[in-house]
Amino acid sequence: MFLYGIVLTAVVLITTGLLIGIWKREEIKRLLVVHSLFKEHRIVSNFSNMAVGFLHTEIPKGDGPVSPLPQGAPMTMPASYAQWVKEHTVTSLLVLKNGQMVHEAYYQGTSADDLRISWSIAKSYLSALFGILVHEGAIPSLEEPVTKYAPSLAGGAYETATILDVLQMSSGITFDEDYLAYRSDINKMGRILALGGTMDGFAKGLHDTFAAPGETWQYTSIDTHVLGMVLRGATGRDIVDLMSEKVIAPLGLEQTPIYLTDGVGVEFVLGGLNFATRDYARFGQMILQNGNWQGQQIVPSEWVAASTGLRVPTPPDEMDYGYQWWIPKGAKPGQFTGRGIYGQYLYIDQPAGVVIVCTAADRRFREDGRPQLNIDMFREIVAATKE
């Protein structure tokens, strides 16, 4: 009887374990993807196949025709370009000059059809959407408190922050953005996504601050999620619906993009967009044209100018910052970039009429001087388009 009891207990434990394994199979699968997301042998494939490992939703691209990206005369790339591509594990690079494709290349086995993860370039897309809704009157003033539209944040770290504070990443909240530290806030957030948790709950749980709102700039990705909460609260609509209607459908994209989401379908607005390289270029060209695309004003020109030109003081070794856009050191008016970890860039030079889309899987992206090396290369490419 005693032996029978042991066997029975073992069977129950094994069966229970199997049932839990089956029940949590998808969560476990996603967690494993998170843990191997940036591994050298997986990173390139992962960045082109994010839908396999994460919850996600399609962004309807509308039923209109695909907008043209005319082919221009091929440009000659700078002499140092090939070595830079190799050293920075570039996966695609596309150059538009005056709206025409003058260079398009894919590396590391990727193709034009791949939906490549944006990482923080997604912040610049949200900025564009924000500007549209401000213009439409959904948000009357950037000086309003975020808690007016996201009341669940009352009593936490965002209690006294205004929309402008958060838009410029001057919220003053304590948030560890170290992508290489397992216990950092940014990586905790990744595990929440993998396990089907809620981003709103994560933001609500933040209570510590290091400075008063508006006092100090510090790059803080969760600020962008709070902007998404503000937009949802102000409109009563999901971000995917707003983004589709206001930004994506008017662009006439080739591929249906996706947003990564949390466990309740809330969009990962701070880094979860996935587009084909040419479709990133369409958005970039629209921004270069001060928000105008195919004769339609999509983003208010005043917002494009403000979001890419009003600079927040940043540390000497960092680029300047606007409304979810970066302004490189030494940039002239109209030169700015969206930037994501591991080498994602949407570089725009309005005076030169150039848009550069760069996707990469650069595991050395955090090394000193790496971002400046990329900006230097983009500037060389811009110069080469004039030859």
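The values are calculated or read from the model by the stated rules, or taken from the named source; none is laboratory data. The model shown is predicted, which means the values in this text are computed figures rather than measured ones. Cβ: placed from backbone, ideal geometry, glycine included. Neighbour counts: every protein chain shown. For accessibility, only protein heavy atoms count, side chains too; no ligands or nucleic acids. Shrake-Rupley method; radii C 1.70, N 1.55, O 1.52, S 1.80 Å.
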Practice task
When a/c is below 1.5 the answer is rounded, else prolate if a/b is larger than b/c, else oblate, so apply that to the range 114-207 with a ≥ b ≥ c taken from the square roots of the Cα gyration tensor eigenvalues.
Solution key: oblate
Practice task
Return the Cα extents of the chain along principal axes one, two and three, sorted largest first, each rounded to a whole Å.
Solution key: 89, 47, 45
Handout entry: Inter-probe distance in nm under a simple model that places probes 7 Å from Cα toward Cβ, at V52 and D178
Key = 3.1 nm
Fill in the blank from the handout: Expressed in nanometres to one decimal, the distance between label points 7 Å along Cα→Cβ at A211 and A383 is 3.4 nm
Handout entry: Percent of beta bridges antiparallel (DSSP, the chain, rounded to nearest 5)
Key = 100 percent
Problem - Karplus (6.51, -1.76, 1.60) ³J(HN,Hα), θ = phi - 60°, over the range 58-70, in Hz, Gly and Pro reported as x - result: 6, 9, x, 9, x, 10, x, x, 5, 6, x, 10, x
Fill in the blank from the handout: PRE zone check, label point 7 Å out along Cα-to-Cβ of R237, amide N under 18 Å, scope the range 277-298, hits 297-298
Fill in the blank from the handout: Set K39/K246; K148/K329; K123/K332; K123/K188, cut-off 30 Å on Cα-Cα distance; pairs above it are K39/K246; K148/K329
Exercise for the section: Take the solvent-accessible surface of the protein heavy atoms, probe 1.4 Å, and return the percent of it on the range 184-261 that carbon and sulfur atoms account for. Expected result: 43 percent
Problem - Gaussian network model of the chain, springs between alpha carbon atoms under 10 Å - residue of R116, R364, R339 with greatest fluctuation - result: R364
Practice task
Express the carbon and sulfur contribution to the solvent-accessible surface of the range 284-387 as a percent, rounded to the nearest whole number, probe 1.4 angstrom.
Solution key: 49 percent
Practice task
Please sort through the DSSP H helices of the chain and keep those with an alpha-carbon extent of at least 18 Å along the long axis and a Kyte-Doolittle average not below -1.0.
Solution key: 2-23, 121-136, 221-235, 370-385
Problem - Per residue accessible area in Å² of the chain, where ligands, DNA and RNA are left out and the probe is 1.4 Å - result: 42 Å²
Practice task
Please give, to one decimal in nm, the separation of the simple spin-label points placed at Y107 and R191, each 7 Å out from Cα toward the Cβ.
Solution key: 3.4 nm
Fill in the blank from the handout: Subtracting the Cα-Cα distance of M75 and R366 from 0.36 nm times their residue separation yields 101.8 nm
Handout entry: CD proxy at 222 nm, helix term only [per DSSP H run n ≥ 4: -39500 (n - 2.57); per residue of the chain; nearest 500]
Key = -11000 deg cm²/dmol
